[in-house]
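Inspection log for the structure reproduced underneath, given as structure tokens.
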Amino acid sequence: MNGPLSGIRVFDLTRVLAGPSCVQILGDLGAEVIKVEQPNVGDDTRKFGPPFLKDMDGNDTTESGYYMATNRNKKSLTLNLTSKKGQDIARQLISKSDILVENFKVGNLSKYNLSYDNLRDEYPSLIYCSITGFGQTGPLAEQPGYDFMAQGMGGLMSVTGPKDGEPHRVGVPIADLTAGLWATIGICAAVRHKEKTGEGQHLDISLLDTQVASLSIQGLNYLTSGDVPQLLGNAHPNIVPYQVFPVADGDIIIAVGNDNQFDRFAKFINMPELATDERFSTNDKRVINREILTQILNEKMLEKKSSYWLTGLEKIGISAGPINKINQVFENEQVLKRGMKIEMNHDLTDTVVNLIGNPIHMSATPPTYRCPPPILGQHTDEILTEILEIPLAKITELKSEGVI
């Protein structure tokens, strides 16, 4: 089955996470991806372990779990961009590609004559996407940027963490992943523009910009009121009760979304008077008096185990759920039914490798899983012979020269 982006070729100059996560989505949706890696080195994340994929004898391979997370549906080409011949091969492949995605520091690709300004006149239909820490403009443009920095500078950490505690980063590299998503959205919009006009363009995506955009309600809470949002732990800044509660055998999440739900919730926990209490009768009052209400509910929820609360709340239409550990996530019937854990064969092991599935479900052109994360340089010969028609003897020569 062909994906919605089948027939589109991506020249992938990204590494680590933000760029590779973007390009993996394009690959899942059918695009052909050529992942360019430095000979004998490869993507930095190949070494970000343990854990590493185990080979047929149970030994660590060169493929880390980190690398495996965002590199399926790609073909690996090793290419030395510091050499003139390597740059020539890159340009030849770019001439046969629709999209180029890169996450080099601002200005670095101009050293290899592969910046947008270097390519735009020769390839006017090329969609060129740059993903950096701070974007192509502004006083910080040339500075390197990492997920942790973006979470901090972008305000996310200031609203993440326990009340009266220290700011926390999110448990996954959310700024990188969000930047990858925004880049994917922008690329798909640019593809549509190209279909209509034949014109390519430059996409400038930064981790800081996308993190600021993700401030969403917290950002607007400040811009609307002038009040700086504070750490609230697991509580919601605008809805109460909407947080983690301790129960007799652990913790659960309860999310009461409106006043009608709060009335049902109060009756279910045998405290109907809460819904008519002047301090808690409407959501805005519950937000103002959150500490008083939370103390009352914390004591009440400790009376019974999680199974009682979760079963009963589900029956009355109140959102509630467990706080799963990662192993429990991938054992969850709903997660498995939705195809969020997938299996692929891999050349370095005699067992299947487990990967996280693509969450996009499309009735006509769903994502496909065509090839596992590639071994370094696995497809170099294939790409050069099939796309550029370079003879095998010439490929051998290029290898001896350190070009590929």
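May I ask you to list the residues in segment 272-288 that are under 13 Å from residue 239 (Cα atoms) and free of Cβ contacts under 8 Å to residues at least 12 places away in the same chain?
284, 285, 288
What's the total number of residues in segment 309-337 that are in contact (Cβ under 8 Å) with a residue 40 or more places away in the chain and under 17 Å from residue 266 (Cβ atoms)? Give the derivation first.
First, the residues of segment 309-337 that are in contact (Cβ under 8 Å) with a residue 40 or more places away in the chain: 309-310, 312-313, 316-323.
Cutting the leftovers down to under 17 Å from residue 266 (Cβ atoms) gives us 309, 312-313, 316-320.
Counting residues in segment 309-337 that are in contact (Cβ under 8 Å) with a residue 40 or more places away in the chain and under 17 Å from residue 266 (Cβ atoms) gives 8.
Working carefully through the options 162, 144, find the one that is touching a Gly at 6+ places or on another chain (Cβ under 8 Å), without any contact (Cβ under 8 Å) to a residue 40 or more places away in the chain, surrounded by fewer than 16 Cβ atoms within 10 Å (Cβ to Cβ) and not charged (D, E, K, R).
Working: 162 fails: without any contact (Cβ under 8 Å) to a residue 40 or more places away in the chain.
Answer to the selection: 144.
Touching a strand residue (DSSP E or B) at 6+ places or on another chain (Cβ under 9 Å) and surrounded by fewer than 15 Cβ atoms within 10 Å (Cβ to Cβ): is that true of residue 226 in this structure?
Working: touching a strand residue (DSSP E or B) at 6+ places or on another chain (Cβ under 9 Å): no; surrounded by fewer than 15 Cβ atoms within 10 Å (Cβ to Cβ): yes.
No: the conditions fail for residue 226.
Go through segment 261-292 and give me each residue that's over 12 Å from residue 240 (Cβ atoms) and part of a helix (DSSP H, G or I).
Within segment 261-292, 263, 264, 266, 267, 268, 273, 275, 276 qualify.
Yes/no matrix, rows are residues, columns are (1) touching a Pro at 6+ places or on another chain (Cβ under 7 Å); (2) β-branched (Val, Ile, Thr); (3) in contact (Cβ under 8 Å) with a residue 24 or more places away in the chain; (4) under 19 Å from residue 37 (Cα atoms):
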{"position": "359", "(1), (2), (3), (4)": "no, no, no, no"}
{"position": "371", "(1), (2), (3), (4)": "no, no, yes, yes"}
{"position": "388", "(1), (2), (3), (4)": "no, no, yes, yes"}
{"position": "393", "(1), (2), (3), (4)": "no, no, no, no"}
{"position": "400", "(1), (2), (3), (4)": "no, no, no, yes"}
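Could you check segment 52-109 and list, in sequence order, the residues that are under 26 Å from residue 388 (Cβ atoms), among the polar types (S, T, N, Q) and not in a loop (DSSP other than H, G, I, E, B)?
76, 78, 87, 92, 95, 108
In segment 276-296, which residues are surrounded by 15 or more Cβ atoms within 10 Å (Cβ to Cβ), more than 35 Å from the chain's Cα centre (by Cα) and among the hydrophobic types (A, V, I, L, M, F, W, C)?
The answer is 280, 293, 296.
Name the single residue, out of those in segment 320-343 being among the charged types (D, E, K, R) and more than 18 Å from the chain's Cα centre (by Cα), that is nearest to residue 241 (Cα to Cα). Explain how you work it out, then say what you get.
Within segment 320-343, the subset among the charged types (D, E, K, R) is 325, 331, 333, 337-338, 341, 343.
Now restrict to residues that are more than 18 Å from the chain's Cα centre (by Cα): 325, 331, 333, 337-338, 343.
Numbers: 325: 23, 331: 29, 333: 28, 337: 30, 338: 29, 343: 39 Å.
Looking at residues that are among the charged types (D, E, K, R) and more than 18 Å from the chain's Cα centre (by Cα), I get 325.
Where the second residue is assigned to a loop (DSSP other than H, G, I, E, B) and β-branched (Val, Ile, Thr) and the first is not assigned by TED's automatic domain parsing to the domain that holds residue 99 and crowded, with 24+ Cβ neighbours inside 10 Å and lies in segment 26-45, which pairs have Cβ atoms under 8 Å and are six or more apart or on separate chains?
Cβ pairs passing all conditions: none.
Check off (1) closer than 16 Å to residue 214 by Cα; (2) surrounded by 15 or more Cβ atoms within 10 Å (Cβ to Cβ) for residue 172 and give me the number that stays unchecked.
That leaves (2) as the condition not met.
Within segment 235-262, can you find the residues that are without any contact (Cβ under 8 Å) to a residue 24 or more places away in the chain and surrounded by 14 or more Cβ atoms within 10 Å (Cβ to Cβ)?
236, 242
Among the listed residues 234, 221, which satisfies the condition of being assigned to a helix (DSSP H, G or I), closer than 28 Å to residue 156 by Cβ and not assigned by TED's automatic domain parsing to the domain that holds residue 98? Can you show your working first?
On the way: 234 fails: assigned to a helix (DSSP H, G or I).
It is 221.
Does residue 128 qualify as being more than 24 Å from the chain's Cα centre (by Cα), farther than 30 Å from residue 346 by Cα and of a type in the set (Phe, Trp, Tyr)?
Working: more than 24 Å from the chain's Cα centre (by Cα): no; farther than 30 Å from residue 346 by Cα: yes; of a type in the set (Phe, Trp, Tyr): yes.
In short, no.
Working only within segment 6-48, note down all residues that are out of contact with any strand residue (DSSP E or B) (no Cβ under 9 Å at 6 or more places or on another chain) and part of a loop (DSSP other than H, G, I, E, B). Write out each step before concluding.
The first filter runs over segment 6-48 and keeps only residues out of contact with any strand residue (DSSP E or B) (no Cβ under 9 Å at 6 or more places or on another chain), leaving 16-17, 21, 25, 28-30, 44.
Matches in segment 6-48: 16, 17, 29, 30.
The values are calculated or read from the model by the stated rules, or taken from the named source; none is laboratory data. In this text, all values refer to a predicted model and were calculated from it rather than measured experimentally. Ideal geometry is used to build each Cβ from the backbone, glycine not excepted, and the neighbour counts take in all protein chains shown.
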